[in-house]
Structures are given as structure tokens and as C-alpha cells.
């Protein structure tokens with residue numbers, strides 16, 4: 001009997017819950033709905049009358065088809081709790097609409113928000129609210145408020161005393177206001193849960209105000225605090241003077257692009273991110289960073305003047321994931337101070353003065369390492385085979401050092417995507433394992449002393465896109481197996497001893513025929529999994545983005561993207577000089593450089609099928625025959641160098657190459673007329689020198705055009721023609737000035753029309769001008785007029 005009763009009770013409860021879920025709530029609380037309508041009325045009264053109908057247009061006081069009031073949870077900019085129907089998030093960003101110049105500034109009446117007792121997120125940014133404290137009211141009723149965004153307004157320090165009544169506040173965004181920091185210690189009095197404080201863009205903040213924050217008695221009791229501010233670099237003191245030595249609960253200290261000359265971080269035991277890049281720090285690395293900041297996950301000291309030994313002693317940075325020391329003056333050998341950093345993902349110590357051998361322990365100390373960059377140092381010895389143990393390594397850059405000797409045949413960097421060993425003294429054969437890799441994207445072995453032949457064992461499913469072997473002692477024929485590299489974008493085999501003919505099968509390389517973007521489907525240098533970690537533009541659009549975890553996750557993914565997509569640099573000869581490509585530019589460049597070898601035979605006509613190639617250099621070989629007419633199909637070509645030992649004529653069909661910017665057929669045995677249409681009208685004698693039959697005609701033509709009459713008297717017709725030429729020149733100048741003036745006036749009128757029609761853009765435009773005026777006035781008053 002009791003069992004039947006229990007079953008019946010459970011069934012009734014389940015049916016009730018199910019009916020409640022199916023029926024849902026009809027509307028939000030009437031008190032909150034009424035409060036939202038009053039808030040709408042406030043913003044309408046605070047705006048110009050012409051914007052009345054466009055402000056919060058979905059917030060209406062009408063009844064639906066069932067005769068029920070409009071549900072405020074379905075209004076735009078409002079999010080409610082799905083169970084209780086209470087308003088949880090409210091975004092009123094850029095709701096005030098005023099025409100510039102502003103006749104007045106609206107006063108924020110916070111009492112309108114009192115009925116929203118469970119409100120957790122409130123965004124009031126970009127509303128031109130003034131700093132008059134008479135309009136503020138107590139926020140004591142908003143006990144659940146966790147995120148408050150007040151950026152891009154005119155608030156001053158007086159607002160802190162009102163914000164102090166928000167006990168649950170975790171995130172406070174006050175960027176681009178008029179905060180000076182005189183009362184910043186008050187905001188820390190009761191806000192024990194504050195984790196994010198954004199004061200960036202407040203140019204009147206002084207070092208004294210920052211000192212007050214750092215020395216606050218409440219600071220050490222506030223957990224997980226983020227200091228995210230852009231301070232005027234002229235008023236920043238060293239970190240120890242700012243009181244940050246005792247700042248043990250900071251999670252991010254970002255001091256980039258300032259002008260510090262010394263730094264003492266002290267023992268900030270909970271510090272996880274320390275970014276001091278792009279400053280003027282000098283001297284040795286403080287041992288307090290090594291011994292006291294043992295919670296560091298990211299340490300960036302790049303682009304400074306640090307010097308001395310690189311982590312000569314053991315350090316307890318067991319949580320370290322990202323280490324950036326590039327572009328400094330560190331010297332000496334690489335010691336084993338990093339052995340404890342077993343979670344390290346990025347290690348960049350490039351462009352220093354490090355010496356000695358690459359230590360073998362670097363292949364064992366971090367199984368998580370993805371990026372290892374040691375370029376532009378003075379490292380010696382060979383490439384240690386222990387690097388095979390780095391199973392997740394994606395970028396290995398040891399270029400521009402003093403490495404020597406052969407690469408071990410057992411070196412199998414199966415996970416590496418970008419391998420850069422150029423500008424060393426490496427010798428011996430190129431390991432075949434490098435060409436059998438299916439993950440390798442960049443293989444840069446330029447300017448070494450490698451010998452022998454290119455390995456024939458090439459993976460048919462290879463992702464190799466950049467094959468750079470120029471400046472070595474390679475010999476033998478160019479293997480046809482290279483034609484299997486369908487994704488190949490740049491190949492540099494120049495300055496070697498290759499012999500034989502040019503493989504006609506190069507016409508089968510898909511990237512050179514249809515373009516890299518079509519072959520790669522728009523993919524970049526990074527792996528697809530990174531796209532799942534980061535979505536640009538989402539940082540300010542979701543609730544979790546202002547949390548510590550959200551910011552750290554976004555920053556970490558962004559660092560990975562920058563490290564891989566931007567740091568991979570490819571140098572390739574274009575237009576008679578080497579150009580450096582990185583980031584998105586790499587995906588747009590295709591080229592083939594076979595210059596300075598011992599190639600023979602005729603140029604295959606199939607090469608003309610490479611319609612997507614941008615640069616083609618076949619110069620300084622022993623080729624014979626004429627220039628193929630099929631070269632007229634190289635529609636995208638910008639740089640074409642086929643100088644030395646060709647015969648015949650320049651095909652007139654080449655005038656169809658509309659993008660050709662550099663053309664060189666020097667020191668051949670060409671004859672006949674040079675094309676003078678299209679891009680060929682812009683080429684001078686330097687493109688044709690060393691062709692006796694060709695250049696004689698060209699010089700004669702140019703000479704006949706510039707030859708002046710030798711008689712002392714000119715005929716009346718000639719004088720009249722000269723006068724007409726002068727008149728045409730004058731008319732052309734008048735036309736030039738007129739068209740320039742008309743264009744200038746048109747642009748101004750279009751700009752005025754756009755600002756007149758679009759009120760939102762007009763408001764942002766004049767708001768920005770007002771900001772600039774305030775900033776310049778402050779700068780002039782402080783530094784010029786010395787007030």
C-alpha cells in the first residue's frame with residue numbers, strides 16, 4: 001500500500017513538472033516589466049526627440065494575442081532566468097541618442113534598477129552619462145550584480161562610493177571615463193569578490209593612485225584580482241615603488257609599451273601572467289621572478305635590454321606554459337634551469353647572444369612543448385637527435401646560428417609543421433624522413449652546405465608548401481617526385497648545382513595552376529583545432545568573457561595563433577629582391593626559383609600552364625631554345641626572369657600579362673622587336689641588356705624619339721606644334737587641379753551626408769572628437785602650460 005502511494009506521488013510530481021515545462025511562464029514579473037518600461041522612458045527623455053521611436057523599440061506595453069501583457073523576457077537586450085523568469089542580464093549599451101554638439105549630458109538615475117533584484121549583468125557603456133553625483137542613487141538592492149560595465153562615459157572618482165554597495169561585484173569595467181584614481185581605495189573596501197578591474201583609457205590616472213591601490217589593506221584579501229590598465233607612461237614608477245611587491249593576488253600584470261628602466265617584482269606568489277615586453281628594461285633578470293613567482297604561467301620579457309646568464313640556476317616555475325625572451329641581450333650557455341617547467345608549451349629565446357651547444361635535455365624536459373625558437377644566436381654543434389622526443393612540437397626554428405655537421409638520419413620530427421635551419425653550416429645529405437612527413441608545411445634549409453641529391457621518397461599526401469633549399473651544394477637532376485607536392489606554393493632550388501632539364505610535370509602542381517587559396521580552401525598556417533579555441537569579436541558579447549577563466553582562455557588561444565600564424569616567416573625572391581612574408585601574406589604568394597644552377601635543354605612549354613604563379617626565375621642556367629609562347633598564359637605573373645643564353649624573339653603574346661612588374665631577358669641572344677604595349681611600355685634598357693640585335697633596335701628607337709633638330713632655325717609648323725604641346729600641358733594641369741578639387745569636395749560632402757543620415761555614427765564621430773579635445777587639453781595643460 002505504501003509502495004503504491006509513493007509511486008502515485010512520484011507520478012503526480014513528474015506530471016506536474018512536465019506540464020510546467022511544456023506550459024512555461026507566460027511573462028516576466030510585472031514589477032520588473034514595469035521597471036523596464038520606466039527605464040525605456042528614461043532613455044527616451046535623455047535622448048533627442050527625433051530618436052523616440054528607435055530607442056528600445058521591442059519594449060512595448062501591448063497585449064499579445066491571448067490578451068496577456070508583452071513578455072519582457074522576449075525583449076531585445078534582456079535575458080531572464082529560464083526557471084524563475086527574473087531578469088538576469090540587461091544590456092543598455094549606446095542607448096542614449098544625442099546629436100552633437102551635446103546641449104546637455106544625461107544624469108544616471110540608478111533607482112530605476114532597484115526592482116531588478118536578481119540582476120547579475122548590467123551594461124551601461126557608451127551613453128554619455130555625466131559625472132554629476134546628484135543623479136546616483138544607492139545600488140544596495142542589486143545584491144546579485146556581478147558584472148557592471150560603465151565604459152565610455154563621463155564618470156569620475158565620485159562613483160566609487162556608490163559602487164561600494166555592490167557586495168557581489170566580480171567585474172567592474174570603467175575604461176574611457178574621467179577616473180583619476182583619487183578614491184580607488186574606496187572601491188576595494190567591501191568588494192571582496194572583485195576579480196576584474198578595467199581602468200584603461202583614463203589618462204588622468206597617476207602613479208600615486210596606483211600606489212594607493214597597491215598598498216590597500218584590503219587588497220590581500222581580494223582573491224584573483226586582474227589589473228588591466230593603460231597608464232600614461234610618463235607617470236609610472238618602478239613596480240616596487242608602486243606597492244606591487246606585496247600584491248600577492250594579482251593574476252595579470254600587463255606593462256607593455258611603457259618606458260620602464262628597472263623592475264622589482266618581489267614575491268607575488270599567485271602571479272600567473274607577467275608581461276613586461278617592449279620596454280627599456282636592462283640589467284640581469286631578477287631572481288625574485290625565479291624564486292618568488294612560482295605560479296607564473298606566462299612570462300614575457302621580450303623586446304627589452306636584459307642581459308646576463310639565461311636561467312643559470314634551478315627555478316621552481318612548474319606551472320610555466322609560455323616563455324618569451326626574444327630580442328634581448330642574454331648571453332652564455334643554456335643551463336638546465338628550465339628542467340622543472342614540464343608544462344612548457346612555448347619557448348622563444350631568439351635574437352639573443354646565447355652560445356654553446358643545444359643541450360640534449362631540451363628533448364626531454366617538456367612533453368607539452370609546441371614552439372621552440374632559438375634563432376639568431378651563436379649556438380654551435382649539431383641538431384640533437386633527442387628533439388625526436390618532443391611529440392607535440394610544431395615549430396622548430398634554429399636558423400641563423402653556427403650549427404655544423406650533418407643532420408642525423410634518425411632525426412624524425414614527425415610532429416613538426418615548420419622547420420627552419422637556414423643560415424648555418426650544416427652539411428651532409430638531407431634526411432629522407434623530412435620528405436616522408438605528412439605534417440611538414442615549411443622546410444627551410446637555405447644557405448647551408450648540404451650536398452648530394454634531393455631524396456626521392458616523397459609522401460604523396462604531403463602538406464609541404466614551402467620548400468627552400470637554395471644556397472647549398474645539391475646536385476643531380478631535379479626529381480620528378482617533387483611534382484607530387486600538390487600544395488607546394490614556394491620552391492627555391494637556386495644557387496645549387498642541379499643539372500639536367502626542367503621537369504615538365506611542374507605543370508601538375510595544383511597550387512601553381514589554380515592558386516593556394518583554392519587548394520587550401522582558405523586554411524591558414526595554424527591547425528584547425530585552434531579555431532575551436534578562439535572566436536574573434538566574442539570577448540565583449542557573452543557573460544563569461546569578463547571572467548578570469550574567459551579572459552585567460554581567450555588570451556592563451558590568441559597567443560598560440562600569433563605564435564604560429566605570425567611568427568612563421570618565409571623569405572622569397574620577388575622583383576629582383578628578397579621579400580619577407582608572414583601571417584596571412586604567406587597564403588597569397590606562389591613562386592618557383594631555379595636560378596643559378598646548371599640546367600640544360602629547352603624550357604618546357606607546359607610551364608605556361610602555371611596560371612597562378614606570381615614569380616618565376618630560370619636565370620643563370622644553360623638553357624637553350626626560345627621563350628615559349630605559352631608563357632602568355634601566366635596570367636598572375638608579377639616577376640619573370642629568364643635571362644642568359646636563350647635565342648629567338650620575345651613573343652608578342654606576352655603583352656597580355658597585365659600584372660607583370662619585373663621582366664628580365666638580359667644576356668640572351670634575342671632578336672627582333674621588343675613589345676611596347678601594356679606593361680612592356682614601362683620596361684627600360686635594363687630588362688634587355690646583353691642582347692646585341694635587340695638592344696640596337698631599342699636604342700635606335702629611343703634615340704630617334706629624343707633627337708633634337710641640329711638647324712638653328714625651326715619651321716613655323718614646328719614652332720606651332722611646340723606651342724600646341726605647351727597648351728596641352730597647361731590644359732592637363734588645369735584638369736588635374738580641377739579634378740582634385742572636385743574629388744576633395746565630394747569626399748567631404750559624402751562624409752557630411754553619412755554623419756547626417758546615420759545618428760549612431762554621428763554620435764561616435766563627435767564623441768571621439770570630444771575625447772581627443774579633452775586629451776589634448778589635458779596634455780597641453782600638464783606638460784606645456786605647466787598648470
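The values are calculated or read from the model by the stated rules, or taken from the named source; none is laboratory data. The structure displayed is predicted, hence computed values, not measured ones. Reconstructed Cβ throughout: ideal geometry from the backbone, glycine too, with neighbour counts over all protein chains shown.
Tabulated results
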item	result
Residue 521 modelled with pLDDT under 95 and on the phi > 0 side of the Ramachandran plot	yes
Qualifying residue in segment 637-646 (condition: over 20 Å from residue 575 (Cα atoms), at pLDDT below 95 and out of contact with any strand residue (DSSP E or B) (no Cβ under 7 Å at 6 or more places or on another chain))	no
Considering residues of segment 81-101 that are in contact (Cβ under 8 Å) with a residue 60 or more places away in the chain and not in a strand (DSSP E or B) only, the residue farthest from residue 752 (Cα to Cα)	85
Boolean, residue 91 is touching a strand residue (DSSP E or B) at 6+ places or on another chain (Cβ under 7 Å), surrounded by fewer than 18 Cβ atoms within 10 Å (Cβ to Cβ), closer than 23 Å to residue 130 by Cα and not assigned by TED's automatic domain parsing to the domain that holds residue 762	yes
Within segment 596-611, tally of residues that are crowded, with 22+ Cβ neighbours inside 10 Å and within 37 Å of the chain's Cα centre (by Cα)	2
Helices (runs of 4 or more DSSP H) wholly inside segment 678-787 containing at least 3 residues that are at pLDDT 85 or above	716-757
Segment 155-192 - residue that is under 21 Å from residue 778 (Cβ atoms) and out of contact with any helix residue (DSSP H, G or I) (no Cβ under 9 Å at 6 or more places or on another chain) and, of those, modelled with the lowest pLDDT	175
Residues within segment 656-684 that are surrounded by fewer than 12 Cβ atoms within 10 Å (Cβ to Cβ) and over 37 Å from the mean Cα position of the chain (by Cα), tallied	3
Residue identified as over 25 Å from residue 463 (Cα atoms), over 24 Å from the mean Cα position of the chain (by Cα) and in a loop (DSSP other than H, G, I, E, B) among 415, 404, 366	366
Unique residue being touching a strand residue (DSSP E or B) at 6+ places or on another chain (Cβ under 9 Å), crowded, with 16+ Cβ neighbours inside 10 Å and closer than 21 Å to residue 372 by Cα when the list is 474, 426, 411	426
Test: residue in segment 452-460 that is farther than 23 Å from residue 598 by Cα, in a helix (DSSP H, G or I), in contact (Cβ under 8 Å) with a residue 24 or more places away in the chain and in contact with a helix residue (DSSP H, G or I) (Cβ under 7 Å, 6 or more places away or on another chain)	no
Residues of segment 673-691 that turn out to be over 20 Å from residue 620 (Cβ atoms) and either in contact with a helix residue (DSSP H, G or I) (Cβ under 6 Å, 6 or more places away or on another chain) or in contact (Cβ under 8 Å) with a residue 24 or more places away in the chain (or both), as a count	7
